[in-house]
Amino acid sequence: MMLPTITAFAQSPDRGQGLARDTRVRWALEEVGQAYEVRLVSFREMKEPAHLTLHPFGQIPTYEEGALILFESGAIIFHIAERHAGLLPDDANARARALMWMFASVNTVEPPILELANARLLENDRPWNTQRLPLVEEPVRNRLQQLSAYLGKADWLDGAFSAGDLMMVSVLLRLRSSGILDEYPNLSAYVARGEARPAYQRAFAAQLAVFTGKHPNQEAGDDEE
Ligand SMILES: N[C@@H](CCC(=O)N[C@@H](CS)C(=O)NCC(=O)O)C(=O)O
């Protein structure tokens, strides 16, 4: 049987920190036990016609499964979750709420986090950066405060781990280097719980291997010629 194929960066801009959105798709595939293949694309290839037929916006990740071609990490993960057990609850209402959290993560929580990430990484040489940073941190703190209050002492957003948590943890991980996540201990523990899942660990190792050039199971110091 043909395995689904995803695309990922050939040159990982985050040096294997797992922040590119192929990691969340790998994670979903690992959670449901679906093997997959990866086609690595350069920044130039992403903007060329062959890749644009898969992704009109010239980005990663994409997902190919027979005649089906998908882009948008949320849509890909929803498709995976619908076809396999383990990422969406059986109960119809709980399933609808898991979907709600998938949308909330990318539509409500991720935008201010991306704004902050861009301000920290892409604008840090601008003279106005120190004035702008607090302005973009405030909406992030607002969202985290609200999310933290909602999560309370629960392990996951709505009962058992679901695709909603997979997306939310993936989005929050982008904040780690800012230190802001540590201001909300229950959210930092929530993210740590997500990272501790064996499926996440395998996904992280696989994307890191693209950067290090090492097979995920290769021991440290076991370098190939
Ligand atoms: N909303 C899209 C965002 C895709 C996206 O921004 N991909 C990034 C990598 S994480 C990318 O390809 N950036 C390169 C570019 O836009 O040229 C999704 O969730 O899949």
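Throughout, read-outs are computed from the coordinates displayed, never taken from laboratory work. For clarity, every value in this text was computed on a predicted model and none was experimentally measured. So basically every Cβ, Gly included, is an ideal-geometry build from the backbone, and we count neighbours across all protein chains shown.
Relative contact order of the stretch 92-197, please, whole-number percent, based on alpha carbon pairs below 8 angstrom and at least 6 residues apart.
38 percent
Starting from the exponent 0.38 and prefactor 2.2 Å, build the expected Rg for the chain from its residue count and divide its actual Cα Rg by it.
Cα-based Rg divided by the globular estimate yields 1.04.
Quick one: pull the percentage of alpha-carbon pairs in the stretch 4-96 with a separation above 19 Å.
41 percent
What is the log10 of I(q)/I(0) for the stretch 157-198, computed with the Debye formula using one identical point scatterer on each Cα and no solvent, at q = 0.13, 0.16, 0.19, 0.32 Å⁻¹?
The computed values of log10 I(q)/I(0) come out as -0.24, -0.37, -0.52, -1.23.
Mind jotting down a quarter of the surface of the convex hull over the alpha carbons of the stretch 92-197, in square nanometres, one decimal?
With the hull built on Cα positions only, its mean projection is 6.5 nm².
Within a 10 angstrom radius of the beta carbon, how do THR130, THR7 rank from fewest other beta carbons to most?
Numbers: THR130 9, THR7 23.
Going from least to most buried by this count: THR130, THR7.
Normalising by the residue count of the chain, find the relative contact order in percent from Cα pairs under 8 Å and 6+ residues apart.
Over the chain, the number comes to 26 percent.
Suppose the chain between HIS84 and ILE69 were pulled fully straight at 0.36 nm per residue; how much longer would it get relative to their current alpha carbon spacing?
Extra length available between HIS84 and ILE69 comes to 3.6 nm.
Based only on other Cβ atoms within 10 Å, what is the fewest-to-most ordering of HIS51, HIS215, HIS84?
HIS215, HIS84, HIS51
Quick one: if you stick a label point 7 Å off each Cα along the C-beta vector at LYS214 and ALA35, how many nm between them?
2.4 nm
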